[in-house]
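Remarks on the structure that follows.
Since every read-out is calculated from the coordinates, none of them should be taken as a lab result. Keep in mind the model is a prediction, meaning the values are calculated, not measured. For neighbour counting, all protein chains shown are included, and Cβ atoms are generated from backbone atoms with ideal geometry for every residue, glycine included.
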């Protein structure tokens, strides 16, 4: 009996914010631009491909971006415009399937195993979607097609910009075997370094580890690593997952105690949170600090205000006010996290806990 596979597409817009600014402002076209603040504490929310050639990327401090590319043009973000364009794009997806799971303003998963146009080819649907997006919005998108979310997400990043890459069922496991561990979604920088210390450098290396050993080394997420090493991902495309918060956290290799060290790490987490807020389009009026101590006791501290936590400066200022009383307790800190919640605006579906 022939094995049945799901047909999953991941669509990711190319330099979404920056591309919209270049579309709407002819003077920015073919020039290195960064969407974000140019002030000393500013952060790049998005960079055009012309800027990326100089090594400028999202979440980079603006002062560093300017050093890398002195001619860079900073453009103030227009999130109302980005949300409007995103709705147009999501509308295009719904022409093919109702199983659409947005991850942020500029990317989504689609399950087209059964689709509204009765196409047998997911690749043909991905081609049509790319054409429709370009015709309706003037923007380009990259798409990945495969049998599950994990592989489709990897595929969409493979030939950016304006790319289309397909990982067929019979190619899936061999493709993952040779994939560098840094390319695995859900494997961050710290985890990749830990895996390197375990002599895990690609999918085949990861596959040599048993499920029990991976769970011992990485906890519950060890099951995920075990599965993806075998190109297995059973998660369904879920159109009903509503985002209630957005956050970022970090477990440290060595416990923190000194206040300057705690503040330094908190700033890094705040920058990641700010990037995720911008990417997701989520807005919230409550900032929550999460602290886990070396004895695994965990506390949270929150502050609500009458405006959204949508600027890095506001997040940083409030985060420091929340952490200082905690840091004076002289207890070693194992984990720090920040999240924003309490939204009264339109929200997109919740992003996966694993940064996919």
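For the chain, take N as its residue count and report Rg(C-alpha) divided by 2.2 N^0.38 Å.
Rg over 2.2 N^0.38 Å, computed on Cα atoms: 1.02.
Considering only 172, 141, 155, give the residue with the highest GNM mean-square fluctuation for the chain, with springs between Cα atoms whenever their separation is below 10 Å.
So, out of 172, 141, 155, the one fluctuating most is 172.
Can you tell me the relative contact order of the chain? Whole percent, Cα pairs under 8 Å, sequence separation 6 or more.
It comes to 17 percent, rounded to a whole number.
What does the convex hull of the alpha-carbon atoms of the range 173-228 project to on average, in nm²?
For the range 173-228, averaging the hull's shadow over all directions gives 3.3 nm².
Of the beta bridges DSSP finds with both residues in the range 1-167, what % are antiparallel, to the nearest 5?
The answer is about 75 percent antiparallel.
Can you order the peptides 13-22, 268-277 by their average number of other Cβ atoms within 10 Å per residue, highest first?
13-22, 268-277
Write down, largest first, the equivalent ellipsoid semi-axes of the range 245-341 in whole Å, where each equals the square root of 5 times an eigenvalue of the alpha-carbon gyration tensor.
22, 13, 11
Based solely on its DSSP helices, what 222 nm [θ] is calculated for the chain when runs of n ≥ 4 H residues each add -39,500 (n - 2.57) and the sum is averaged over all residues, nearest 500 deg cm²/dmol?
Taking each H run of at least 4 residues, the total per residue is -11000 deg cm²/dmol.
For the range 247-295 and the range 188-202, write down the distance between their C-alpha centroids in whole Å.
22
Quick check on the chain: of the DSSP beta bridges with both residues there, what percent are antiparallel, nearest 5%?
Here the share of antiparallel DSSP bridges comes out near 90 percent.
Which length gain, in nm to one decimal place, applies between residue 116 and residue 83 when the Cα-Cα distance is subtracted from 0.36 nm times their residue separation?
The span from residue 116 to residue 83 would gain 9.4 nm if fully extended.
If a paramagnetic tag sat 7 Å from the Cα of residue 57 along the Cα-Cβ line, which residues of the range 176-190 would have the backbone N under 20 Å from that point?
179-190
Who wins for biggest fluctuation among 336, 314, 164 in a Gaussian network model of the chain, springs between alpha carbons below 10 Å?
Of the options given, 314 has the highest mean-square fluctuation.
In percent, what relative contact order does the range 66-196 have, based on Cα pairs under 8 Å that are 6 or more apart in sequence?
Relative contact order comes out at 13 percent.
Using Cα pairs closer than 8 Å and at least 6 residues apart in sequence, work out the relative contact order for the range 288-335, in percent.
53 percent.
Students often get this wrong: which residues of the range 169-186 have the backbone nitrogen under 19 Å from the point 7 angstrom along Cα-to-C-beta of residue 124?
169
Tell me the label-point distance for the pair residue 170, residue 201, using the 7 Å Cα-to-Cβ offset, in nm and rounded to one decimal.
Reported label-point gap for residue 170 and residue 201 is 3.0 nm.
So between residue 49 and residue 215, what do we pick up on full extension, going 0.36 nm a residue minus the alpha carbon distance?
55.8 nm
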